[in-house]
Each structure stands twice: as C-alpha cells, then as structure tokens.
1. If B:Gly63 satisfies all but one of (1) small (Gly, Ala, Ser); (2) surrounded by 15 or more Cβ atoms within 10 Å (Cβ to Cβ); (3) under 20 Å from A:Gln37 (Cα atoms); (4) free of Cβ contacts under 8 Å to residues at least 24 places away in the same chain, what's the number of the condition it fails?
2. Within segment A:72-112, which residues are within 18 Å of A:Thr62 (Cβ to Cβ) and aliphatic (A, V, I, L, M)?
3. If you check A:Gly96, A:Gly53, which single one turns out to be among the small types (Gly, Ala, Ser), at pLDDT 95 or above and at positive phi?
4. Can you tell me which condition B:Glu15 does not meet? The list is (1) in contact with a Pro (Cβ under 6 Å, 6 or more places away or on another chain); (2) modelled with pLDDT under 95, and all the others hold.
5. Name the residues in segment B:72-93 that are outside any loop (DSSP other than H, G, I, E, B) and either in contact with a Cys (Cβ under 6 Å, 6 or more places away or on another chain) or at pLDDT below 95 (or both), would you?
6. List the strands (runs of 3 or more DSSP E) inside segment A:19-112, counting only whole elements, that have at least 2 residues being among the charged types (D, E, K, R).
7. If a residue must be more than 15 Å from A:Lys104 (Cβ to Cβ), open to solvent by 30 Å² or more (accessible area, probe 1.4 Å) and touching a strand residue (DSSP E or B) at 6+ places or on another chain (Cβ under 8 Å), how many such residues does segment A:18-39 contain?
8. What's the number of the only condition in (1) surrounded by 20 or more Cβ atoms within 10 Å (Cβ to Cβ); (2) in a strand (DSSP E or B) that B:Asp97 fails to meet?
Amino acid sequence: GQQLNQSPQSMFIQEGEDVSMNCTSSSIFNTWLWYKQDPGEGPVLLIALYKAGELTSNGRLTAQFGITRKDSFLNISASIPSDVGIYFCAGEWNSGNTPLVFGKGTRLSVIA
Amino acid sequence: DGGITQSPKYLFRKEGQNVTLSCEQNLNHDAMYWYRQDPGQGLRLIYYSQIVNDFQKGDIAEGYSVSREKKESFPLTVTSAQKNPTAFYLCASSPRDGDTQYFGPGTRLTVL
C-alpha cells in the first residue's frame, strides 16, 4: 500500500529554536495534512494543504505542499514548551475512495 | 458542541474478556475509523466505515470487530482473540472517506 516516510523520528531542541520536519512518498498525493498529538490525547489538525506548491501558515507553524506532490514539510518557529508532542503527516491519494495514509510521527521534545 | 466522543477514557479488563469501546460523532460525517496506537508508535488502522451498514478491514483487523448501525456510532469490540489488546485506541471521522479526519480523545485499554 501507500507509505509516507516521516523524518526525523524524534528531536530534542532548546526553547526558542526553529524546528523542521518532513514527509516524503514515492507516490503522488492530492492532499497533505499535519496533525499534532499531545500526550494521552487524540491528534488535532494543524494545517491542511490542497494544492502543489501551496505554502500555508498557522501562527508559528508553516507547512508546504511539495511541487512534485510527493512531499511536504512543517516548520515551527521559536519553539515553546507546549510544542511538545508527536507530529503526524497524512496524505490523501485516491480521491476519497480510501482512508488517509499516516506517517509514523515525529516526537518533539523542547528543553526549557 | 459538535465533535467526537469516546468513552471511557480508561478501561481495564481481565484477559479473555471481550470489551466494547464506544465512539460517537455529531458532525454528520459519513466515514468513521478506528486506530490503535502503541507506546512511541504511529497510528495503525483497524477498521473503517464509509457509510452506514458497511465497513472494511484495515491493516490490523484480526481480533477486532465493529458495527455501523447508525451514522453517529461506530463501536469497536476487542475480542479475546486479540493477542495483545493493551493499547491506546483512537476513533476518527471524516465527511467522506479520504477527507480530513477529526479524532476523538482516545480510550486507553489495559488488559490485566
């Protein structure tokens, strides 16, 4: 089946630093989504991208839909302790006929 | 308030017992999903339903069963055939299959 390769698997950063994570695939995706999961909670949607090349911001978060439609990245600027959690990318590839494909997540730890 | 509810938040069962996890949504979404998440791991799809009275197996359906008798409800039964049932279970819904998914708060099941 379709797979998304998400990296890095985990990262430790100092408060105030910028963060970058990405997802890649060998297949074309029509939609890219980024979710954040706080410990013990369900994932929450951060950003949705629908068009190749699209760059979208949500506060300190910025995500881009790769021009080849095979990748996406998420940047977090000026990290704060509440950014801690697991970030998942997800993609839709089959025009509504199959569930989203999820990456394995990037676990972010912020050191104050 | 519109959303997805899962109950209970924590569930304990003895080995060999079947247990049913509840998932309800009032978002009028057609599609619903069940995922399993193990510590430090990503999301693995158990079952999904694109419409009432229909459901499909995901990647790890063995030892689980579901029903979709109402649009709002998609209960998951963890049977005694599931060899390692202790995990965090997440329910999600989307307007239609492949659309952005919205997650519930999760149920942490511990089998003793």
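The values are calculated or read from the model by the stated rules, or taken from the named source; none is laboratory data. Note that the structure is a prediction, hence the values are computed from the model and not measured. Every residue, glycine among them, receives a Cβ derived from its backbone with ideal geometry; neighbour counts consider all protein chains shown. With ligands, DNA and RNA removed, areas are computed over all heavy atoms of the protein, side chains included. Shrake-Rupley method; radii C 1.70, N 1.55, O 1.52, S 1.80 Å.
1. Failed condition: (3).
2. Of everything in segment A:72-112, those that are within 18 Å of A:Thr62 (Cβ to Cβ) and aliphatic (A, V, I, L, M) turn out to be A:Leu74, A:Ile76, A:Ala78, A:Ile80, A:Ala90, A:Leu108, A:Val110.
3. That would be A:Gly53, the only listed residue that is among the small types (Gly, Ala, Ser), at pLDDT 95 or above and at positive phi.
4. Every condition holds for B:Glu15 apart from (1).
5. Listed by number, the list holds a single entry, B:Cys91.
6. Working: elements: A:19-24, A:31-37, A:44-49, A:55-58, A:61-65, A:71-76, A:85-92, A:106-111.
Because the criterion is at least 2 residues that are among the charged types (D, E, K, R), no strands (runs of 3 or more DSSP E) in segment A:19-112 meet it.
7. So the count comes out to 5.
8. For B:Asp97, the failing item is (2).
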